[in-house]
Amino acid sequence: MITIGLTGGIATGKSTVASILREELNIPVIDADQVSRDVVAAGSPGLADLVQCFGPQILRDDGALDRKALGRLVVGDAHARRKLEGLTHPLIREEIEARLTALEGGGAAVAVVEAALMVETGSFRLYDQLIVVTCRPEVQLQRLMARENLSEEQAKQWLATQLPLARKEAVATCIVRNDGELEALPALVFQAWEQIQY
């Protein structure tokens, strides 16, 4: 089975591309964000590890993870963030690998793993090919402002914390340039998919 990473910058359309692959082309897509939630679901060993590390204040009344409470603990604390990543990243990688193995066992010829920080973490190297969804910086800025209801200054600050799109493009096997309207995106995805060798 061929495995393909899918990534892109914030507000470039990565999740929409994943939906098009899944719904229009019937390609199995594993969403790393969803996996990250699943491995710390209520009652999971992953959540128990987080509570042991960060304390019961990270739980909601129903026993589920309070993501905002956890976020407040790690946002300004690099040491706490590294502890969180050290606990969750191996669980996420293991679960993605298990899901890929299950897809291969079911006869899938290809599978896509969608993750925001694939280039930043180097995990893109785990996959045979890499699709990067990108757009012009000014388009990304406008989309982010509209999506998150941010001022231009706030959006620029947010973008400054991310790896520049050009760095992601530099390691891509295939690039989807999403500068236009949403209606134009499916055709771009179909064109890009034709470049994928499997």
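The values are calculated or read from the model by the stated rules, or taken from the named source; none is laboratory data. Since we're looking at a predicted model, the values are computed, not measured. Every residue, glycine among them, receives a Cβ derived from its backbone with ideal geometry; neighbour counts consider all protein chains shown. Each accessible area value is taken on the protein alone, full model and side chains, heavy atoms only, with ligands, DNA and RNA left out. Shrake-Rupley method; radii C 1.70, N 1.55, O 1.52, S 1.80 Å.
Using beta carbons and a limit of 9 Å, which pairs, at least six apart or on different chains, have the first residue in the range 175-198 and free of Cβ contacts under 8 Å to residues at least 12 places away in the same chain and the second one open to solvent by 40 Å² or more (accessible area, probe 1.4 Å) and among the hydrophobic types (A, V, I, L, M, F, W, C)?
From residues that are free of Cβ contacts under 8 Å to residues at least 12 places away in the same chain, the pairs are 180/188.
Within the range 77-99, does at least one residue satisfy the condition of being of a type in the set (S, T, N, Q) and open to solvent by less than 50 Å² (accessible area, probe 1.4 Å)?
Among the residues of the range 77-99, at least one is of a type in the set (S, T, N, Q) and open to solvent by less than 50 Å² (accessible area, probe 1.4 Å), which makes the answer yes.
Which residue pairs have Cβ atoms closer than 7 Å, lie 6 or more positions apart in sequence or on different chains, and pair a first residue in the range 76-105 that is touching a residue at least 60 places away in the same chain (Cβ under 8 Å) with a second residue that is surrounded by fewer than 16 Cβ atoms within 10 Å (Cβ to Cβ) and among the charged types (D, E, K, R)?
Here the result reads 95/38, each pair linking the range 76-105 to a residue that is surrounded by fewer than 16 Cβ atoms within 10 Å (Cβ to Cβ) and among the charged types (D, E, K, R).
Pairs please, first residue from the range 36-55 and charged (D, E, K, R), second anywhere and assigned to a helix (DSSP H, G or I) and open to solvent by 40 Å² or more (accessible area, probe 1.4 Å), Cβ atoms under 7 Å, 6+ apart in sequence or on different chains.
38/95; 49/87
So, residue 65, is that one under 23 Å from the mean Cα position of the chain (by Cα), modelled with pLDDT of 95 or more and farther than 24 Å from residue 124 by Cβ or not?
yes
Within the range 120-131, work out how many residues are surrounded by 19 or more Cβ atoms within 10 Å (Cβ to Cβ) and either modelled with pLDDT under 95 or among the hydroxyl-bearing types (Ser, Thr, Tyr) (or both).
Qualifying residue count for the region: 2.
Kindly state which helices (runs of 4 or more DSSP H) lie completely within the range 103-167 and contain at least 2 residues that are farther than 22 Å from residue 19 by Cα and within 17 Å of the chain's Cα centre (by Cα).
118-121, 152-160
Those residues that are within 19 Å of residue 4 (Cβ to Cβ) and touching a Cys at 6+ places or on another chain (Cβ under 6 Å), I need them from the range 151-190; list them, please.
Of everything in the range 151-190, just one residue is within 19 Å of residue 4 (Cβ to Cβ) and touching a Cys at 6+ places or on another chain (Cβ under 6 Å), namely 178.
Across the range 142-174, what is the total count of residues that are of a type in the set (A, V, I, L, M) and touching a residue at least 40 places away in the same chain (Cβ under 8 Å)?
6
Within the range 170-182, can one find any residue that is in a helix (DSSP H, G or I), open to solvent by less than 60 Å² (accessible area, probe 1.4 Å) and not acidic (Asp, Glu)?
No - not one qualifying residue is present in the range 170-182.
Do we have residue 49 as open to solvent by 60 Å² or more (accessible area, probe 1.4 Å) and at pLDDT 95 or above here?
yes
Would you mention how many residues in the range 41-78 are of a type in the set (S, T, N, Q) and within 19 Å of residue 90 (Cβ to Cβ)?
The number of residues fulfilling the criteria is 2.
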